[in-house]
Amino acid sequence: MPESLNSMLRCPNCKNSHLEGSASGQTSNCKDCGASFSIQDGVVDLLPGVKFDRSVSQFFMEFSPVVRIYESKWWRRSSVATFLLKISFDQECEAILKAAGLKGKGDLLDLACGPGIYTRPMARKLSRGRVIGLDISFPMLRQAAANAEKENLKNILFIRANAMELPFADSSFGCVNCTGALHLFPDARQVTREVARVLAPKGTFTISAVRRGPGKAGQVRAFFLDRIMGIRSFTPGDLESMLLPHEFSRFQVLHDQGLFMVMSAARG
Ligand SMILES: C[S@@+](CC[C@H](N)C(=O)[O-])C[C@H]1O[C@@H](n2cnc3c(N)ncnc32)[C@H](O)[C@@H]1O
């Protein structure tokens, strides 16, 4: 684990910022409380043995066949997804990368990175610093680490942790990206609080999430998505109201149609 991360990573056990890689490279240890976390298949696991309730949608995020096809034209890049979201993955990615304004941003957090579909393009664009890909799903992270390895990208670190309690010191990142995931978190408000805490002043936050459509039809769709799949829905206004108390401004709605909305905001 790179030494420059020692002061940024918080130990999930004692909450101090003193995690460092061991000489063997197979564990990350806390200098304060002695807790040890394994580094397996290129992933630092900060949630060893922690059990979670899984929604139906999260079950799929841990299911190997889905993980394998996630980035392909059978899932995130499928024409069905483009039809439902009213935006193709490539269009979404272009809008997000532009809004993130990665030049000179320092370290970046790709929150709920999945197999790294955004982590890698962001790592390629970053002029300095590194991208931390964080997810709760070990199968997704293992795939993400293998994908990054294949592309020989050295400025990425993958961490298994919970978005609800980010294992980073305050103001650690110049940019946080959270795409396709806000609707899966048990408490999106808590996650936005955590994002605000780890984002440096003037840092950018880019988001794509399931959109709550207008009128009765939108309400009915949101109700069933939530009850059956555990997927919550948002309007750009919902997101703005979650972010405003944390001094976010410069809100930009980049897409707001079909099943998806894409937004960006800046802190301070
Ligand atoms: C649909 S994928 C999104 C992947 C990628 N960011 C994208 O834009 O396609 C959602 C990801 O959120 C992760 N996730 C769900 N709940 C989480 C949590 N509480 N903490 C961290 N990751 C979580 C899932 O494991 C999954 O990999």
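The values are calculated or read from the model by the stated rules, or taken from the named source; none is laboratory data. Given the structure is predicted, the values throughout are model-derived calculations rather than measurements. Please note: Cβ atoms are built from the backbone with ideal geometry, for glycine as well, and neighbour counts cover all protein chains shown.
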Which condition does GLU240 not pass, out of (1) surrounded by fewer than 20 Cβ atoms within 10 Å (Cβ to Cβ); (2) part of a helix (DSSP H, G or I); (3) over 19 Å from the mean Cα position of the chain (by Cα), if it passes all the others? (3)
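Based on what the data block shows, is LYS51 surrounded by fewer than 19 Cβ atoms within 10 Å (Cβ to Cβ), at pLDDT 90 or above and not acidic (Asp, Glu)?
For LYS51, the condition - surrounded by fewer than 19 Cβ atoms within 10 Å (Cβ to Cβ), at pLDDT 90 or above and not acidic (Asp, Glu) - is not met.
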Quickly run through segment 79-129 and pick out the residues that are at pLDDT below 95 and of a type in the set (A, V, I, L, M, F, W, C). LEU102, LEU126
Which numbered condition PRO121 misses (of (1) within 23 Å of GLU20 (Cβ to Cβ); (2) surrounded by fewer than 24 Cβ atoms within 10 Å (Cβ to Cβ); (3) of a type outside the set (D, E, K, R); (4) within 15 Å of the ligand (Cβ to nearest atom)): (1)
So for segment 164-181 (the condition being away from the ligand (no atom under 12 Å from the Cβ), closer than 27 Å to LEU85 by Cα, assigned by TED's automatic domain parsing to the domain that holds ILE69 and of a type in the set (Gly, Ala, Ser)), does at least one residue qualify? no
Within segment 76-104, residues over 17 Å from the mean Cα position of the chain (by Cα) and under 24 Å from GLU149 (Cβ atoms) come out as ARG77, ASP90
Take the residues in segment 78-96 that are free of Cβ contacts under 8 Å to residues at least 60 places away in the same chain and within 12 Å of GLY180 (Cβ to Cβ), then tell me which one is surrounded by the fewest Cβ atoms within 10 Å (Cβ to Cβ). CYS93
What pairs can you find where one residue is in segment 191-213 and in contact (Cβ under 8 Å) with a residue 24 or more places away in the chain, the other is of a type in the set (Lys, Arg) and surrounded by fewer than 24 Cβ atoms within 10 Å (Cβ to Cβ), and their Cβ atoms are less than 6 Å apart, with a gap of 6+ or different chains? LEU199/ARG267; PRO201/ARG267; GLY203/ARG267
